[in-house]
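Engineer: Handing you a structure now.
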There are 2 protein chains.
Amino acid sequence: MSTAPTLAIDGMGGDHAPEVIVAGLSIALERHPEALFLLFGDEARLTPLLARHPRLARATTLRHAAEVIPGDLKPTAALRLRQASMRLAIDAVAAGEAQGVVSAGNTGALLTLAKIVLKTLPGIDRPAMAGIAPSARGDVVMLDLGANVQCDARNLVEFAVMGDVFARVTLGLPAPRIGLLNVGAEEMKGDERLRQAAEILKESPIAARFHGFVEGHDIAAGTTDVVVTDGFTGNVALKTGEGALKLIGQLLRQVFTASVSARIGYLLAKSSLERLREWLDPRRYNGAVMLGLNGVVVKSHGGTDAEGFAHAMDVAMDMVLHNFNERIREGLSGVLAAQTAKDEAAKDEAAKKPAAAGLADAGG
Amino acid sequence: MSTAPTLAIDGMGGDHAPEVIVAGLSIALERHPEALFLLFGDEARLTPLLARHPRLARATTLRHAAEVIPGDLKPTAALRLRQASMRLAIDAVAAGEAQGVVSAGNTGALLTLAKIVLKTLPGIDRPAMAGIAPSARGDVVMLDLGANVQCDARNLVEFAVMGDVFARVTLGLPAPRIGLLNVGAEEMKGDERLRQAAEILKESPIAARFHGFVEGHDIAAGTTDVVVTDGFTGNVALKTGEGALKLIGQLLRQVFTASVSARIGYLLAKSSLERLREWLDPRRYNGAVMLGLNGVVVKSHGGTDAEGFAHAMDVAMDMVLHNFNERIREGLSGVLAAQTAKDEAAKDEAAKKPAAAGLADAGG
């Protein structure tokens, strides 16, 4: 088998598959000429598309998949489609034929299948979905974006460790600052779960990078490089922010078509406005990543175009080339070792005063 | 005692008190010439300020308050300051001297004091904090914004009822559409608590106005007129949206100062851009409201100016003039009656088949 970085691709996932997928792969190959692709999908449709991109065809191994997972299929039903393009692409990662998988298909199905087929990394209780959002001080990593509707303190700590490594790999930050999303910055704010997670992080090997609690407005302000939260809050926050940006985009279009002078005004400010639009372009933030699995798993937005899909491919390549999972393992072992040492010390302490320990247990 | 609408005012709360408070009251009186104010605070500082506004001075009864609750004081500590301007203003509502209270002071203290002094309306388990946000289809009522970090299904149903009445009173909508914030619009999304709340609302007297689940991006899209959620998620969503809008504002300022042609472009599009800026002006959305208490309680942003404080006064006046709490009581009794009837029917049903009911209990 080749030692070149290899990605397994769901050729049939998303609103504009397979055309956009193949066009996106072609862009991705220009940026990563060393990459190899295992492309899964309907051979009859993919063969002519690949034929238009001879270089891509050489870098790609096409494998027929007889089934496609519809966008609205429940994850449990998706499990039964064993010949689906998404399933076969994930299977290829499990078999060691590829280091990662990229799909623009059904998010719930990808999450469920990847968890079941690839399984979580040793030491990770639950995988998380991470993404990147724009801020006043550069890009910000957010997680979890919806893989876990409910989380405990331990899950949040794992998310912080994974977010730290993800920010170092994809944003290239040597020491990302990490914030825990809450309803206030004061230590007494939020629930027990958040206070516990903050306590653990404050005494962990990443304590120097842990900023403490942040609030909703800190995301766009870029107060920290990583924002850690449960999947419910993260999903709502990300979509709320995206919605607000989209609303402003619509309103600005109205502003600049409201009158002739406004139209001329737009033309005069065009180059700066275009730079702003490019910077906020949702395609630049395409590619939510499932962290904590044995293999790289990247979800592209279902409605994206070729450029957006290529960006999701970039994220997957970054993670494969930087041995993302190896670094998660290292990061995690440090935090868990610190926590275990602390637990042991507490146990020793408890053993010295058995009566007090008994009382403490009853109280907890 | 007068039958004119009377509001009790915390003259010392907020970053720019008491100057901004008095200036704000003066604007509010122009809009509501029939209103009377009970103003609490430092007599030595307030008397000369009132002297500058003779009409306001005639509509206002000044009462000395020896203490002020600092912005960073813990709510439990605020309870001990019985001569504080905020406390005395709330006491005046409890005593029936005023129908509502407006404060720009410490949010946590206002929440705690109002809950303890005024107590919840009959049938309301927990008060909620509501606010108004801009959307593509007009203003949207959001609640809870942080009064309750954790909520159960019953709390969410109460919030929906209160949000419905609030949207009718403050936005003047005859039949507001109500959405329950979730991570997806499908019925199986979210947790048990959300699914239960949706079930109750679907069979309630406001069922025709209940739209079902909405997502984060639906807030700015204006999919529904009311967005119901728990205080943790609501607080994060509101601040995330505000943060995104603020970021765009900063970036647009950069765009229009980037070059001479961009500056001229700004001047040409100025009138439309100004309208957009006014529409998004945070002062227009100033005034978070505590719903579900025996009395109207409005929190102004601490950093607001006179115009913003006057807007918070408008919200309080709207609620007093439209007998907000009376309408909450009516709305609530309808929903609770429907729920009670359903519970009774279920009980009757269960009584008919005792064995099956026993099994169901064991399973639950």
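We did not get these values from a lab; they are worked out from the coordinates using the rules stated. Predicted model, so just to flag it, every value in this text is computed and none were measured. Glycine also receives a Cβ, built like all others from the backbone with ideal geometry; neighbour counts cover every protein chain displayed.
Engineer: Of the residues A:Glu158, A:Glu192, A:Glu97, which exhibits the maximal mean-square fluctuation in a Gaussian network model of chain A defined by a 10 Å Cα contact cut-off?
Structural biologist: A:Glu192
Engineer: Can you list which of the trypsin sites (Lys or Arg not before Pro) found in segment A:1-106 are DSSP loop residues with at most 14 other C-beta atoms within 10 Å? Before the final figure, lay out each step's value.
Structural biologist: Numbers: sites: A:Arg31, A:Arg45, A:Arg52, A:Arg55, A:Arg58, A:Arg63, A:Arg80, A:Arg82, A:Arg87; in loops: A:Arg52, A:Arg80, A:Arg82.
When the trypsin sites (Lys or Arg not before Pro) of segment A:1-106 are filtered for loop state and at most 14 Cβ neighbours within 10 Å, A:Arg52, A:Arg80, A:Arg82 remain.
Engineer: Related question: Roughly what % of DSSP beta bridges within chain A run antiparallel, to the nearest 5?
Structural biologist: On the way: 11 of 39 bridges.
Approximately 30 percent, going by the DSSP bridge assignments.
Engineer: Residues with amide H under 5 Å of A:Val296's amide H, sequence separation 5 or more or different chain, H placed in the peptide plane at 1.01 Å from N; which?
Structural biologist: Excluding prolines and chain starts, which carry no amide H, the hits are A:Gly100, A:Val101.
Engineer: Which of B:Thr240, B:Thr112, B:Thr229 moves the most in a Gaussian network model of chain B with Cα springs under 10 Å?
Structural biologist: Per the Cα network of chain B with a 10 Å cutoff, B:Thr240 tops the list.
Engineer: Continuing with this model, one more query. Farthest toward the dipole's positive end in chain A, which of A:Pro282, A:Gly108, A:Ala78, given Cβ charges of +1 (Lys, Arg) and -1 (Asp, Glu) about the Cα centre?
Structural biologist: Result: A:Pro282, furthest along the dipole toward the positive end.
Engineer: Okay, moving on. With r defined as the distance between the Cβ atoms of B:Arg253 and B:Ala95 and R0 fixed at 41 Å, what FRET efficiency is calculated, to the nearest 0.05?
Structural biologist: Values: r = 48 Å, r/R0 = 1.18.
My answer for the efficiency is 0.25.
Engineer: Report the full-extension gain for the segment B:Ser271 to B:Glu307: residue separation times 0.36 nm, less the Cα-Cα distance, to one decimal in nm.
Structural biologist: Going from the current span to full extension adds 10.9 nm.
Engineer: Sticking with this structure for a sec: Around B:Ala84, which amide H atoms from residues at least 5 apart in sequence, or from another chain, sit under 5 Å from its own amide H, with H modelled in the peptide plane?
Structural biologist: Distant-sequence amide H within range of B:Ala84: B:Glu67.
Engineer: Assuming R0 = 41 Å, what is the FRET efficiency of A:His16 and A:Thr120, from their Cβ-Cβ distance, to the nearest 0.05? Don't skip to the end; give the middle numbers.
Structural biologist: Details: r = 32 Å, r/R0 = 0.77.
Computed FRET efficiency for A:His16 and A:Thr120 comes out at 0.80.
Engineer: Something else now. Figure the gain on full extension for B:Glu34 and B:Arg154 (residue separation times 0.36 nm, minus the Cα-Cα span) and round it to one decimal in nm. Can you show the working numbers first?
Structural biologist: On the way: separation 120, 0.36 × 120 = 43.20 nm, distance 3.86 nm.
Full extension from B:Glu34 to B:Arg154 adds 39.3 nm.
Engineer: One decimal, nm, shortest first: give the distances between the label point of B:Asp15 and those of the same position in the other copies, each label point 7 Å from Cα along Cα→Cβ.
Structural biologist: Result, one decimal in nm: 4.1.
Engineer: Could you line up B:Thr61, B:Thr233 from fewest to most neighbouring Cβ atoms inside 10 Å?
Structural biologist: Values: B:Thr61 15, B:Thr233 28.
Ordered from fewest to most neighbouring Cβ atoms within 10 Å, B:Thr61, B:Thr233 come out as B:Thr61, B:Thr233.
Engineer: Inter-copy label distances at A:Glu186, 7 Å along the Cα→beta-carbon direction, one decimal in nm, shortest first?
Structural biologist: Spelled out, the distances from A:Glu186's label point are 4.2 nm.
Engineer: I'd like the antiparallel share, as a percent to the nearest 5, of DSSP beta bridges with both residues in the protein assembly as shown.
Structural biologist: On the way: 22 of 78 bridges.
Counting only bridges with both partners in the protein assembly as shown, antiparallel ones make up about 30 percent.
Engineer: Now a separate question. Taking B:Glu330 in one copy and the same position in all the others, each labelled 7 Å out along Cα→Cβ, what are the pairwise distances from the first, in nm, shortest first?
Structural biologist: 6.8
Engineer: What spacing in nm lies between the two simple spin-label points modelled at A:Ala345 and A:Met188, each 7 Å away from Cα in the Cβ direction?
Structural biologist: Reported label-point gap for A:Ala345 and A:Met188 is 2.7 nm.
Engineer: Between B:Glu199 and A:Glu278, with labels modelled 7 Å along Cα→Cβ, what's the label distance in nm to one decimal, could you check?
Structural biologist: Using points 7 Å along Cα→Cβ, the separation is 5.3 nm.
Engineer: Just to be sure I understand the model, the point goes 7 Å from the Cα along the line to the Cβ. What's the resulting A:Arg137 to A:Ala51 distance in nm?
Structural biologist: 5.5 nm
Engineer: Right, next: With runs of 4+ DSSP H residues as the only contributors, calculate the mean residue ellipticity of chain B at 222 nm using -39,500 (n - 2.57) per run, divided by the residue total and rounded to the nearest 500. Each step should come with its number before you reach the end.
Structural biologist: Working: 14 runs with 190 residues, N = 364.
Using -39500 (n - 2.57) per qualifying helix, the result is -16500 deg cm²/dmol.
Engineer: Calculate the length of the line joining the C-alpha centroid of segment A:214-289 to that of segment A:57-97, in whole Å.
Structural biologist: Value for the Cα centre distance between the two parts: 34 Å.
Engineer: Using the structure shown, list the pairs from A:Lys115/B:Lys202; A:Lys246/B:Lys239; A:Lys202/A:Lys299; A:Lys189/B:Lys299; A:Lys202/B:Lys74 with a Cα-Cα distance above 27 Å, or answer none. Write out the running numbers ahead of the final one.
Structural biologist: Numbers: A:Lys115/B:Lys202 34 Å; A:Lys246/B:Lys239 17 Å; A:Lys202/A:Lys299 32 Å; A:Lys189/B:Lys299 19 Å; A:Lys202/B:Lys74 23 Å.
Too far apart for the 27 Å limit: A:Lys115/B:Lys202; A:Lys202/A:Lys299.
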